[in-house]
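The values are calculated or read from the model by the stated rules, or taken from the named source; none is laboratory data. The structure displayed is predicted, hence computed values, not measured ones. Here the Cβ positions follow ideal geometry from the backbone for every residue, glycine too, while neighbour counts run over all protein chains shown. To get the accessible areas, we keep the full protein, side chains included, count just its heavy atoms, and leave off ligands, DNA and RNA. Shrake-Rupley method; radii C 1.70, N 1.55, O 1.52, S 1.80 Å.
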Amino acid sequence: MKPNRLSGMSEIDPLIEGLNPQQAEAVTHAGGPLLVVAGAGSGKTRVLTRRIAYLMSRRNVAPYQILAITFTNKAAGEMKERVADLVGPIAKSMWVSTFHSACVRILRQEAMRLGYSNSFSIYDSADSNRLITIVAKELNLDPKRYPARQFQSMISNAKNELLGPQDYLNATTNQFEQVVADVYAVYQQRLMRANAMDFDDLILKTVEVLQRFPEAKARFRSRFRHVLVDEYQDTNHAQYILVKELVGSDLEGQPPAELCVVGDADQSIYGFRGATIRNILQFELDYPNARTVLLEQNYRSTQNILNAANAVITQNESRKEKNLWSDAGAGTPLVGYVAESEHDEANFIADEIRSLQREGVSTPGDTAIFYRTNAQSRVFEEVFMRSALPYKVVGGLRFYERREVKDLLAYLRVLANAEDEISLRRIINVPKRGIGDTSLDYVDLYARDNNISFWQGLLRCSEIGSVPARAAQAINEFTSMISALSVLVEAKTKPSVIVEAALEQSGLLKELADSTDPQDEVRVENLKELVAVSMEYEERPFEELGEDEEISLAGFLEKVSLVADADEIPEGEDHGGVVTMMTLHTAKGLEFPTVFLTGMEDGIFPHSRTLGEKDEIEEERRLAYVGLTRARQRLYISRAEYRSTWGAPNYNPPSRFLDEIPEDVIEWRNQSRTSLSPSLIKKSRTATAPPPRATGKKSVAMELAVGERVSHDTFGLGTVVSVAGAGDKAEATINFGNYGEKRLLLRYAPVEKL
């Protein structure tokens with residue numbers, strides 16, 4: 001490619017040198033709004049940094065007149081450094097920051113207009129959740145029916161749409177939304193009283209300042225003559241309006257700022273966070289005199305990889321037409337693999353990584369594994385540990401460190417050992433039961449004074465006068481549930497049945513399943529995965545069992561502890577680096593020489609909740625496009641014919657995205673890429689995830705009457721002493737002679753009437 005020259009110049013401008021014609025046009029454009037549609041790997045960061053440097057060096061724009069907005073602090077820091085490398089320390093006085101950071105700087109100067117002092121506090125998500133919990137309590141709302149996290153999610157969505165409490169109330173359509181409106185109103189009052197703003201307020205309140213106070217707006221309008229926004233496709237409505245207010249229009253007495261937005265509608269994957277793809281698709285409608293520059297030359301991937309990505313994304317209707325190309329050559333074909341199960345898939349990938357390392361083609365450090373949901377990392381983690389393959393999980397906790405997994409494991413540890421005080425304290429108010437720290441402090445003091453364990457203190461809480469009656473009742477209900485579940489352990493029930501019973505009886509599963517917070521769907525998937533782990537533990541071949549080992553809850557917990565507490569794998573030259581594991585959402589903006597795109601099945605990817613929704617399937621397809629375009633040289637695509645859901649095999653059809661990849665760019669390692677029968681594929685495409693399956697002798701709870709005689713698999717013959725509860729909570733106290741009286745949850749108890 002010939003070097004670019006600026007018109008009227010005889011020498012190559014160093015700020016244009018090495019750029020292709022489209023990149024150079026984006027850097028030098030002057031005048032009206034500019035939309036840079038930057039395909040994956042097309043050098044957008046280079047264009048942004050060169051444009052900022054060009055504004056300062058060639059167009060004599062003062063650095064304080066430039067506002068550049070990015071989505072992460074890391075991106076902002078890198079951009080500032082790269083501009084400083086081009087123009088020197090003068091770059092330090094320009095604003096390069098995230099939306100939230102820019103708004104804080106504005107509000108530190110302007111918040112007094114809204115009744116705040118300029119030293120206002122900023123509440124993070126945990127602070128916000130705690131305050132909403134206090135508000136809900138103040139409004140006498142049942143935390144089981146109205147979880148604080150659900151309020152938090154809905155209030156955040158309202159703020160992202162620039163709806164204040166009164167606006168939200170005016171738009172309510174049902175009784176639940178009216179409750180949210182009440183909480184929202186009091187929450188905002190409490191924030192104001194605390195001289196605090198949450199993260200969503202930072203943008204909401206900045207827009208309020210700009211819209212309500214013309215003199216404040218005029219000051220920032222006259223300062224920022226150039227506004228640049230990165231990742232424009234990820235902006236939500238509030239961020240979109242903020243940019244519009246900062247740029248202004250010809251009608252406001254001074255010329256609008258010069259606006260440059262960079263983004264790619266094909267990589268818009270944050271709809272669940274409120275990002276709206278319309279902002280980039282309709283940029284020319286919002287700014288009729290806009291210039292659009294298309295960056296299609298890719299500097300990252302081989303043409304085979306790009307052909308696959310182009311073919312997939314062209315199936316989306318809501319997009320600007322573009323076609324990525326590379327002069328790096330075709331490269332090796334993609335590799336496809338159809339695994340029998342998720343374990344087979346993980347083993348294939350581990351073997352392939354080792355093989356590439358032996359051949360000197362690619363090291364573990366060159367390699368990334370992508371999956372749709374966090375729960376999918378668990379099988380890879382366990383297989384890699386056994387294979388001594390070094391890895392790290394990015395953008396999420398390792399499976400056994402996730403909060404909901406630790407909560408369920410704490411329940412199981414208490415069932416195996418009621419004296420485990422740390423686990424008891426973790427779960428006694430999870431889900432919320434109205435058992436506060438003060439009540440627990442009284443129990444702890446009583447237990448110490450009477451030289452008994454914390455658990456024994458809980459059992460005797462009715463004797464502790466300082467514990468409020470409501471808390472004492474909640475503690476009694478909790479200990480009754482634990483005692484009933486403990487009988488399952490005593491009866492040597494299968495661990496998987498105990499796991500399901502604990503999930504159900506504790507309310508953990510119901511709380512998450514009832515929530516509208518998208519993050520809670522992910523947590524349910526992680527809990528399902530722990531059920532699958534317990535099934536795998538039970539179904540190990542005989543030769544894998546240790547000497548004198550019997551299948552038990554204690555044995556299962558020991559196995560999990562050994563996996564969960566495995567030493568961190570060192571990074572170093574001896575290992576050739578570590579394999580990186582992450583979700584596809586986390587992968588955005590990254591690149592790797594070797595990529596494994598896994599779980600390519602309908603119901604897994606695309607995710608089951610998106611099936612049948614055109615807009616959501618299009619977002620899933622954009623996510624596939626992001627995954628495909630992360631690979632530089634080698635791209636593997638795999639799927640499993642079945643994988644465990646609630647411990648039962650679930651047969652998934654191939655992902656519809658596989659059909660969209662041209663056959664001439666991919667080589668399949670197995671005989672068939674669609675080995676399921678058409679009828680089974682049809683059945684799988686319409687199937688939904690099954691509920692917790694009936695395992696062991698778990699069944700619909702039988703009805704027993706006082707005095708009836710029963711037989712139990714472990715305890716033998718018994719007589720019903722009392723019955724209580726109904727449905728899933730039905731239980732009976734049965735006298736088994738030498739074994740004494742046992743309280744049995746009838747849904748799980750292996751008993752038969754005589």
- Task: Take the cross-link list Lys92/Lys588; Lys74/Lys320; Lys92/Lys217; Lys205/Lys588; Lys392/Lys588 and give me the ones stretching past 20 Å between alpha-carbons.
- Result: Lys92/Lys588; Lys74/Lys320; Lys92/Lys217; Lys205/Lys588
- Note on the structure: Net charge (Lys, Arg +1; Asp, Glu -1) of residues whose beta-carbon lies under 10 Å from that of Thr733, Thr733 excluded, is 0
- Query: How much mean residue ellipticity at 222 nm does the chain get from its helices, if each DSSP H run of length 4 or more adds -39500 (n - 2.57) and you divide by all residues, to the nearest 500 deg cm²/dmol?
  - Reply: -13500 deg cm²/dmol
- Express in whole angstrom the spacing between the alpha-carbon centres of the range 490-510 and the range 648-667. 36 Å
- Task: Work out the FRET efficiency for Tyr64 and Met385 from their Cβ-Cβ distance, taking R0 = 41 Å, and round it to the nearest 0.05.
- Result: 0.20
- Normalised contact order of the chain, rounded percent, pairs of Cα under 8 Å and 6 or more residues apart: 14 percent
- Does the range 379-493 classify as rounded, prolate or oblate by the C-alpha gyration tensor (a ≥ b ≥ c root eigenvalues; a/c under 1.5 gives rounded; else a/b over b/c gives prolate, otherwise oblate)? prolate
- Query: Tilt of helix 437-449 relative to the longest C-alpha principal axis of the chain, in degrees (0 to 90, nearest 10)?
  - Reply: 40 degrees
- Message: Highest mean first, how do 167-177, 609-619 rank when packing is the count of other Cβ atoms within 10 Å averaged over residues?
- Response: 609-619, 167-177
- Per residue, in Å², the accessible surface of the chain once ligands and nucleic acids are set aside, probe 1.4 Å: 44 Å²
- Extension gain Ala330-Glu17, at 0.36 nm per residue separation less the Cα-Cα distance, in nm? 110.0 nm
- What FRET efficiency would be calculated for the residue pair Ala185, Leu445, taking the C-beta separation as r and a Förster radius of 35 Å, to the nearest 0.05? 0.35
- Item | Rounded to whole Hz, the Karplus (6.51, -1.76, 1.60) HN-Hα couplings of the range 594-606, x for glycine and proline | 10, 10, 10, 9, 10, x, 7, 9, 4, x, 9, 8, x
- Query: Once label points are set 7 Å from the Cα along Cα→Cβ at both Lys729 and Lys614, what is their separation, rounded to one decimal in nm?
  - Reply: 4.6 nm
- So in the chain, what percent of DSSP beta bridges are antiparallel if you round to the nearest 5? 30 percent
- Query: Over the range 184-309, what is the relative contact order in whole percent, taking alpha-carbon pairs under 8 Å and six or more residues apart?
  - Reply: 22 percent
- Task: Pop out the ³J(HN,Hα) list for the range 470-483 in order, Karplus 6.51 cos²θ - 1.76 cosθ + 1.60 with θ = phi - 60°, rounded to Hz; leave Gly and Pro as x.
- Result: 5, 5, 4, 5, 5, 5, 4, 5, 5, 5, 5, 4, 4, 4
- Item | Burial order of peptide ranges 477-487, 626-636 (average beta-carbon count within 10 Å, highest first) | 626-636, 477-487
- Cα-based Kirkwood hydrodynamic radius, the chain, one decimal, Å: 29.5 Å
- In whole angstrom, how far apart do the alpha carbon centroids of the range 345-409 and the range 66-129 sit? 36 Å
- Please give every one of the aspartates and glutamates within straight-line cross-link reach of Lys494, meaning a C-alpha to C-alpha distance under 12 Å, and leave out same-chain neighbours fewer than 8 residues apart. Glu536, Glu538, Glu539, Glu550
- Query: Ranked highest first by average number of other Cβ atoms within 10 Å, how do 442-452, 643-653 line up?
  - Reply: 643-653, 442-452
- Task: Could you look at the chain and say what percent of its accessible area is carbon and sulfur, using a 1.4 Å probe and all protein chains?
- Result: 49 percent
